[in-house]
Amino acid sequence: SQTIHQWPATLVQPVGSPLSLECTVEGTSNPNLYWYRQAAGRGLQLLFYSVGIGQISSEVPQNLSASRPQDRQFILSSKKLLLSDSGFYLCAWNQGEEKLFFGSGTQLSVL
Amino acid sequence: KQEVTQIPAALSVPEGENLVLNCSFTDSAIYNLQWFRQDPGKGLTSLLLIQSSQREQTSGRLNASLDKSSGRSTLYIAASQPGDSATYLCAVPTTSGTYKYIFGTGTRLKVLA
């Protein structure tokens with residue numbers, strides 16, 4: 001069966017520090033991978049998606065970036081965090097037009 | 001541009017009641033619609049996926065319907081239980097030919113024991 005792992009679960013970082021969130025999927029190959037952000041009281045905002053290794057599409061201009069160094073690994077990064085980067089970050093995957101499966105999320109607080 | 005609306009934003013019901021959650025979308029040219037459940041501080045759990053050719057899907061006490069022509073979907077929960085308390089979100093794909101999903105802001109459900 002397929003599983004998705006996302007870590008860390010919580011993270012507190014000072015403004016201006018770097019960020020690296022990692023997501024891995026097991027039990028499938030060539031998945032579509034997604035990074036979403038959920039701000040308090042708001043819906044999910046798609047940040048990046050990837051349909052293959054090295055293929056990254058950005059949905060929202062910002063100081064975040066994403067990379068897919070391996071087929072089932074998706075990384076969200078920032079060189080310098082802003083206060084506005086605080087939020088709940090979710091990684092997800094699916095195959096084609098099938099169901100979306102989400103990781104357990106990372107609660108990021110930038111202070 | 002696809003937009004998704006969920007009404008009501010919050011709902012509180014006594015245990016055992018049947019209830020309906022609503023989801024509306026502006027562009028009816030979708031190929032599926034998904035319903036998710038989110039517990040506080042957790043990720044989303046997929047509940048049901050309805051293909052554009054289907055009118056409804058059922059899983060246990062959950063039944064989701066889809067009316068593409070009117071841009072609406074409903075999630076019916078039968079015999080609600082306190083364990084059903086969560087936020088329920090619907091999502092539809094964009095119509096730009098990629099697999100990106102647009103989410104509603106959700107309905108926060110509380111089932112009282």
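Check off (1) over 13 Å from the mean Cα position of the chain (by Cα); (2) within 14 Å of chain B (Cβ to nearest Cβ); (3) part of a strand (DSSP E or B) for A:E97 and give me the number that stays unchecked.
For A:E97, the failing item is (3).
Pick from B:S70, B:S24, B:S59: which is touching a Ser or Thr at 6+ places or on another chain (Cβ under 7 Å), among the polar types (S, T, N, Q) and on the phi < 0 side of the Ramachandran plot? Working first, answer last.
Values: B:S70 fails: touching a Ser or Thr at 6+ places or on another chain (Cβ under 7 Å); B:S59 fails: touching a Ser or Thr at 6+ places or on another chain (Cβ under 7 Å).
None of the other options fit; the residue is B:S24.
Quick one: in the stretch B:103-113, of everything that is assigned to a strand (DSSP E or B) and away from every other protein chain (no Cβ under 14 Å), which residue is nearest to A:N32 (Cα to Cα)?
B:L109
Which numbered condition trips up B:W35, out of (1) crowded, with 20+ Cβ neighbours inside 10 Å; (2) away from chain A (no Cβ under 13 Å); (3) touching a Leu at 6+ places or on another chain (Cβ under 7 Å)?
Failed condition: (2).
Can you confirm whether A:S17 is away from chain B (no Cβ under 14 Å), more than 23 Å from B:Q34 (Cα to Cα) and surrounded by fewer than 20 Cβ atoms within 10 Å (Cβ to Cβ)? Explain how you work it out, then say what you get.
Values: away from chain B (no Cβ under 14 Å): yes; more than 23 Å from B:Q34 (Cα to Cα): yes; surrounded by fewer than 20 Cβ atoms within 10 Å (Cβ to Cβ): yes.
Here the answer is yes, as A:S17 does meet what is asked.
Quick check on the stretch A:76-95: of everything there that is over 16 Å from A:S58 (Cβ atoms) and of a type in the set (S, T, N, Q), which residue is surrounded by the fewest Cβ atoms within 10 Å (Cβ to Cβ)?
Out of the qualifying residues, it is A:S84.
Could you check the stretch B:1-34 and list, in sequence order, the residues that are farther than 27 Å from B:Q81 by Cα and of a type in the set (D, E)?
Within the stretch B:1-34, B:E3, B:D27 qualify.
Mind telling me which of the residues B:K100, B:K68 ends up being crowded, with 16+ Cβ neighbours inside 10 Å and away from chain A (no Cβ under 14 Å)?
The unique qualifying residue is B:K68.
With the stretch A:6-78 as the region, which strands (runs of 3 or more DSSP E) entirely inside it contain at least 3 residues that are in contact (Cβ under 8 Å) with a residue 24 or more places away in the chain?
Counting at least 3 such residues, we get A:10-13, A:19-26, A:32-38, A:44-52, A:64-70, A:73-78.
Condition first: out of contact with any Asp or Glu (no Cβ under 6 Å at 6 or more places or on another chain), within 23 Å of A:Y89 (Cα to Cα) and in a loop (DSSP other than H, G, I, E, B). Can you find one or more residues in the stretch B:75-94 that meet it?
yes
Of everything in the stretch B:71-97, what is more than 14 Å from the chain's Cα centre (by Cα) and within 14 Å of chain A (Cβ to nearest Cβ)? Give them in sequence order.
B:T94, B:T95, B:S96, B:G97
Among the residues of the stretch B:44-61, which ones are within 14 Å of another protein chain (Cβ to nearest Cβ) and part of a strand (DSSP E or B)?
B:L44, B:T45, B:S46, B:L47, B:L48, B:L49, B:I50, B:Q51, B:Q57, B:S59
Considering only residues that are of a type in the set (S, T, N, Q) and touching a helix residue (DSSP H, G or I) at 6+ places or on another chain (Cβ under 8 Å), which ones fall in the stretch B:52-97? If you could, list the steps in order and put the result at the bottom.
So the first thing to find is which residues in the stretch B:52-97 are of a type in the set (S, T, N, Q), and the list is B:52-54, B:57-59, B:63, B:65, B:69-70, B:73-74, B:80-81, B:85, B:87, B:94-96.
None - no residue of the stretch B:52-97 is of a type in the set (S, T, N, Q) and touching a helix residue (DSSP H, G or I) at 6+ places or on another chain (Cβ under 8 Å), so the list stays empty.
Tally up the residues in the stretch A:100-111 that are in a loop (DSSP other than H, G, I, E, B) and more than 7 Å from chain B (Cβ to nearest Cβ), please.
Within the stretch A:100-111, residues that are in a loop (DSSP other than H, G, I, E, B) and more than 7 Å from chain B (Cβ to nearest Cβ) number 1.
We did not get these values from a lab; they are worked out from the coordinates using the rules stated. This one's a predicted model, so the numbers in the text were calculated from it and none came from an experiment. Glycine also receives a Cβ, built like all others from the backbone with ideal geometry; neighbour counts cover every protein chain displayed.
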